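Trainee: My questions will all concern the structure given below.
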Amino acid sequence: MSAHSITHKLSALPFPLLPPEQKSSSTLEYIAQAQGGFQSTAFTDPGLRHLDPRATEEMRRLLCTAESEGVSTAEFREVVEFEALVHLHHGIYSPPHVKDTALLRAISCGMLIPEGYHHRLRISRRAAAWILGFGQAPQGSIDIDYDRNNRVHLPRKAARLCSAHQSTFKAYEALSIGGLLVTNHLRTALDLLIFDEEYDALEIVGQILLSPDNNLTPHLLMSHVQEASFIRQRQAVLARAKNVCTEVTLRRQGLW
């Protein structure tokens, strides 16, 4: 077979290709949407699209805590007041002139995790939603996922600040922002629907669905909720998902 004929055959195949064992009609339908499923989770923040790698280190130098400044809590409080520093969360501050971006939020969360663990963990749930621009800054523990095939034992100080959840890492479920893995729009919305029973979690999911920064649709979200294999109270989760997806659909049609 000539190289030309091979290229011609390959050009007719859908991409990205599925592993041979994945043959469910729902998964094939997901791929067949002209990559719509993968684009739906794309993070399109223009501030990150052409991000200079040096920006991450520069942002990390701007953020500060009493510990990083090497001063007492009382002395740091004076610094905060004098320089009008903006509190983000967990005693982490930024200068008032620094723009609130996903990079800023991601690096601030990454400051709570020891450097050597960044590539083995990912920020998830409410913390991920905040990094992506939805909901409030985390005031309690930071939600993080670890791969069930690569369990992580955090140092005691970091473990007190984080809520660790066992998960299965898939490449298309996470974004890399400032050297930190963050669950993308689709996985974040799924996690909030499945694991967060607070009412405002649905509001955050609705914000994600309505945001112009991604192409996540109610139909795509519902299909993933129906396929998810890690749901315990399936009927309750399906009802929550249906409610928020119906509301978003009506809002887009101007009927809500």
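Trainee: HIS119 versus (1) in contact with a Phe, Trp or Tyr (Cβ under 7 Å, 6 or more places away or on another chain); (2) under 25 Å from LEU62 (Cβ atoms): which is the lone unmet condition?
Mentor: (1)
Trainee: If I ask for residues that are within 13 Å of the chain's Cα centre (by Cα), in a strand (DSSP E or B) and either of a type in the set (D, E, K, R) or surrounded by fewer than 21 Cβ atoms within 10 Å (Cβ to Cβ) (or both), which ones from the range 115-147 would you list? Give the steps one after another, and end with the answer.
Mentor: Here is the first cut: in the range 115-147, the residues within 13 Å of the chain's Cα centre (by Cα) are 121-135, 142-145.
Those still in the list that are in a strand (DSSP E or B) too: 121-123, 142-145.
ARG122, ASP143, ASP145, listed by residue number.
Trainee: Does ASP191 fit the bill of being in contact with a Phe, Trp or Tyr (Cβ under 9 Å, 6 or more places away or on another chain), surrounded by 15 or more Cβ atoms within 10 Å (Cβ to Cβ) and of a type in the set (D, E, K, R)? First the steps, then the outcome.
Mentor: On the way: in contact with a Phe, Trp or Tyr (Cβ under 9 Å, 6 or more places away or on another chain): no; surrounded by 15 or more Cβ atoms within 10 Å (Cβ to Cβ): yes; of a type in the set (D, E, K, R): yes.
The answer is no for ASP191.
Residue-by-condition table, conditions (1) more than 14 Å from ALA127 (Cβ to Cβ); (2) modelled with pLDDT of 95 or more:
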| site | (1), (2) |
| --- | --- |
| ALA137 | no, yes |
| ASP145 | no, yes |
| HIS153 | yes, no |
| ARG160 | yes, no |
| LEU190 | yes, yes |
| GLU203 | yes, yes |
| LYS242 | yes, yes |
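Trainee: Here are LEU88, LEU154, LEU103, LEU112: which of them is touching a residue at least 60 places away in the same chain (Cβ under 8 Å), within 30 Å of LYS170 (Cα to Cα) and buried (at least 17 other Cβ atoms within 10 Å of the Cβ)?
Mentor: On the way: LEU88 fails: touching a residue at least 60 places away in the same chain (Cβ under 8 Å); LEU154 fails: touching a residue at least 60 places away in the same chain (Cβ under 8 Å); LEU112 fails: touching a residue at least 60 places away in the same chain (Cβ under 8 Å).
Among LEU88, LEU154, LEU103, LEU112, only LEU103 is touching a residue at least 60 places away in the same chain (Cβ under 8 Å), within 30 Å of LYS170 (Cα to Cα) and buried (at least 17 other Cβ atoms within 10 Å of the Cβ).
Trainee: Only one residue in VAL182, VAL225, VAL248 is of a type outside the set (D, E, K, R), at negative phi, over 18 Å from the mean Cα position of the chain (by Cα) and surrounded by 13 or more Cβ atoms within 10 Å (Cβ to Cβ). Which one? Working first, answer last.
Mentor: Numbers: VAL182 fails: over 18 Å from the mean Cα position of the chain (by Cα); VAL225 fails: over 18 Å from the mean Cα position of the chain (by Cα).
Exactly one of VAL182, VAL225, VAL248 is of a type outside the set (D, E, K, R), at negative phi, over 18 Å from the mean Cα position of the chain (by Cα) and surrounded by 13 or more Cβ atoms within 10 Å (Cβ to Cβ), namely VAL248.
Trainee: Further question: Starting from the range 65-84, keep only residues that are under 19 Å from CYS109 (Cα atoms), then list their pairs with residues that are β-branched (Val, Ile, Thr) and at pLDDT 95 or above whose Cβ atoms are within a distance under 6 Å, requiring at least 6 positions of separation or different chains.
Mentor: THR65/ILE92
Trainee: Which residues, taken from the range 56-77, are polar (S, T, N, Q) and part of a helix (DSSP H, G or I)? Before you say what the answer is, go through the steps one by one.
Mentor: Start the filter on the range 56-77 by keeping residues that are polar (S, T, N, Q), which leaves 56, 65, 68, 72-73.
Scanning the range 56-77 gives THR56, SER68, THR73.
Trainee: Condition first: assigned to a loop (DSSP other than H, G, I, E, B) and farther than 16 Å from ARG60 by Cβ. Now tell me which residues in the range 78-90 satisfy that. Break it down stepwise before answering.
Mentor: Let us first name the residues in the range 78-90 that are assigned to a loop (DSSP other than H, G, I, E, B), namely 84-85, 90.
Passing the criteria: only ALA84.
The values are calculated or read from the model by the stated rules, or taken from the named source; none is laboratory data. Since the structure is predicted, the reported quantities are computational estimates derived from the model, not experimental observations. In this analysis, Cβ positions are derived from the backbone assuming ideal geometry, glycine residues included, and neighbour counts consider all displayed protein chains.
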